[in-house]
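First the structure, in the form of structure tokens, and then the observations on it.
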Amino acid sequence: MTPQRGLLACLVAAVSLVAAVLFWDEQREFEHAVKNLTEEQVTLATAVATDVETRLARLEDAGHLSDASHTESTIAQLLGGAIKLERRGARVLLVARPDESLLLRTDGRKVESKTLLAAMRAGVSGVVLDRAEAMSSERLRMWLDG
């Protein structure tokens, strides 16, 4: 191997190493950003859920919810100002009911997400859906596409 080829090989190796380190650093930063976003969304969801539980208890105590079928028609009342947190194409609020296999949107329409239901039932506070999974539900896709 000539000295020029040896130098070229070292240069290619150095550039490759720098590229690999930059890629690794970008991946690490991305994972950190997703973790932070997840924590923020979990905090927001916890606050909304606490408020919904309080509103639901008040409605039940007042006798305004005699059975579960009325829950769909009172989603807006249960969520109150939290509905303003929804952002078309970015954030959708979903309500889970005990012993139901579908989630409810703020407009009362039903959405299926086995991943979200399984996470809730397992007590997982946050789950990241990839775009393909989020788009697999027709009603979520209509919302997220904007």
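The values are calculated or read from the model by the stated rules, or taken from the named source; none is laboratory data. Just so it is clear, the structure is predicted and the values come from calculations on it, not from any experiment. Don't worry about glycine lacking a Cβ; one is built from the backbone with ideal geometry, like all the others, and counts go over all protein chains shown.
Has segment 62-75 got any residue that is within 22 Å of Val128 (Cα to Cα) and loosely packed, with under 13 Cβ neighbours inside 10 Å?
no
Just to be sure before I move on: is Ala90 among the aliphatic types (A, V, I, L, M), out of contact with any Gly (no Cβ under 6 Å at 6 or more places or on another chain) and modelled with pLDDT of 80 or more in the structure I sent?
On the way: among the aliphatic types (A, V, I, L, M): yes; out of contact with any Gly (no Cβ under 6 Å at 6 or more places or on another chain): yes; modelled with pLDDT of 80 or more: no.
Answer is no for this residue.
Count, please, the residues in segment 115-140 that happen to be farther than 22 Å from Lys35 by Cα and free of Cβ contacts under 8 Å to residues at least 24 places away in the same chain.
Residues of segment 115-140 farther than 22 Å from Lys35 by Cα: 136-140.
Narrowing further to those that are free of Cβ contacts under 8 Å to residues at least 24 places away in the same chain: 136, 138.
Residues in segment 115-140 being farther than 22 Å from Lys35 by Cα and free of Cβ contacts under 8 Å to residues at least 24 places away in the same chain: 2 in total.
For segment 96-127, what are the residues that are farther than 24 Å from Gly80 by Cα, in a loop (DSSP other than H, G, I, E, B) and among the β-branched types (Val, Ile, Thr)?
Selection gives Val124, Val127.
Out of (1) more than 23 Å from Arg131 (Cβ to Cβ); (2) in contact with a helix residue (DSSP H, G or I) (Cβ under 8 Å, 6 or more places away or on another chain); (3) exposed (fewer than 12 other Cβ atoms within 10 Å of the Cβ); (4) not small (Gly, Ala, Ser), what's the single condition that is false for Leu79?
(3)
Quick one: Phe30 ticks every box in (1) loosely packed, with under 12 Cβ neighbours inside 10 Å; (2) at pLDDT below 85 except a single one, so which number is it?
For Phe30, the exception is condition (2).
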